[in-house]
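Below is one structure, written out as structure tokens, with a few remarks after it.
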Amino acid sequence: MKNGTPGSILTQQSLPYKYYADSKLGSRRRSKAVQKIVVPKKKARTGIPISSPLDFPTSAKPYRSTDRTTFNMHILVVNDDGPPSKRLSPYIRPFVNALQDAGHLVSVAIPAASRSWIGKAHLIEASLKATYVPPSAFRDDGTWDETFDSAETETQPEWVVIRNGTPASCVQLGLFNLFQDRPPVDLVISGPNHGRNASTVYNLSSGTVGGALEAATCSKRAIAISFGSKDPQPDDIISAAARHAVKVVNYLYEHWHADVELYNLNVPMREDVESRPVRWTEALPYYWPRGCMYGEVTADKKVNGHTGPAVNGTSGSHLKEIDFTWAAELSEMKKTLQSSREGTDAHTVLNGDTRYDIASENSLSVNFG
């Protein structure tokens, strides 16, 4: 299913967004702080109508309780990069903060370690342990203080970290087991991924997209979000990307079509991202031309810094064994992405525009173009 013409520039228009609850006044009022967002103007070629474009508030009543009068949506956030970490998972904390600043109740369930490239996998022979961690207890290296006392200092809901968790298992537990004292989840967001997910190879391998697919199999609306850089980013650029992603999330949720199972959203990391176009795209088809994912480890050869013998097992074994290690060689893929045609996800995000595409139809058949 497709929403509009691939590569079309989405135009700015102005209509009211929604009314935010104010528990003190006991009434519903419109936020005065609004900012236009670019939105589709055409109808989908395959029949998905594009609803009227809306303005997005830049501020709303922050989350304070689980009372339905004080927030807009209950959003479950999962990821594949694990707990907050400057090196591996730098985007999740600012993004959660931006969702809360927009008035949403946010429940977070994340794997205890990075699970990139794992798709929608469940580790069926692994036992899982969920730990409720106050957000202030997280350090910047992916660990947390297990002796942290949040009784007097913590004002935000606890996050849940799942040992042996994957994005898919975080979705399952987050929806059905971990937050039963909170209202039903309205939307699942997987991400923001540390780096873009553009082209079919990335989309179908990504743990971030896999988390959104798992939510779709649970009959929940889902959005996979990726922030398009693995390089260290200044705080102001990360904050801008987080704010921008929240505005797009709000729009997509308000205009969700019945035949859409999930959206895949890529946000470029640049200072002016909030003023750049948002485009619907189709995924760039890509196929591995050769074995690019694993390298053989031999006694005289290093692969990604690893060395080892060509034969495993005990001394004297008569069985042939070979060691392999993860050694993704992506130079050919990167060249293909950089030369991709206009209207594809890779071309759009590499040229600095936010892009989204639609995955699946009623049968959950993935339709990446």
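The values are calculated or read from the model by the stated rules, or taken from the named source; none is laboratory data. Because the structure is a prediction, the values reported are computed rather than measured. So basically every Cβ, Gly included, is an ideal-geometry build from the backbone, and we count neighbours across all protein chains shown. All accessible areas refer to the heavy atoms of the entire protein, side chains included, with ligands and DNA or RNA removed. Shrake-Rupley method; radii C 1.70, N 1.55, O 1.52, S 1.80 Å.
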Under 5 Å from the placed amide H of Val297, counting only residues 5+ away or on other chains, we find Asp323, Phe324, Thr325
Low-density loop trypsin sites (Lys or Arg not before Pro), segment 229-280, at most 15 other Cβ within 10 Å, DSSP non-H/G/I/E/B, are Lys230
Yeah, segment 66-169 with a ≥ b ≥ c from its alpha-carbon gyration tensor (a/c under 1.5 is rounded, else prolate when a/b outruns b/c, oblate otherwise) is prolate
Diffing segment 164-180: the Karplus 3J(HN,Hα) column from phi (6.51, -1.76, 1.60, θ = phi - 60°), in whole Hz with x for Gly and Pro, holds 6, x, 10, x, 5, 5, 5, 5, 4, 5, x, 6, 10, 10, 8, 10, 6
Between Ala126 and Arg139, the two model label points (7 Å from Cα along the beta-carbon direction) sit apart by a distance in nm of 2.2
Segment 119-236 accessible area per residue, 1.4 Å probe, protein heavy atoms, integer Å², reads 45
Burial-style ranking of 280-290, 205-215, 101-111, average other-beta-carbon count within 10 Å with highest first, yields 205-215, 101-111, 280-290
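Between Ser239 and Glu271, what length comes free when the chain is fully extended (0.36 nm per residue of separation minus the Cα-Cα distance, one decimal in nm)?
Using 0.36 nm per residue and subtracting the Cα-Cα distance, I get 10.6 nm.
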Amide H neighbours of Gly82 at under 5 Å, excluding residues fewer than 5 places away on the same chain, with H built from the backbone geometry, are Arg115
Between Ala328 and Asp149, the two model label points (7 Å from Cα along the beta-carbon direction) sit apart by a distance in nm of 4.3
Scalar couplings 3J(HN,Hα) for segment 277-284 by Karplus 6.51 cos²θ - 1.76 cosθ + 1.60 (θ = phi - 60°), nearest whole Hz, x for Gly and Pro, are x, 10, 10, 7, 9, 10, 5, 6
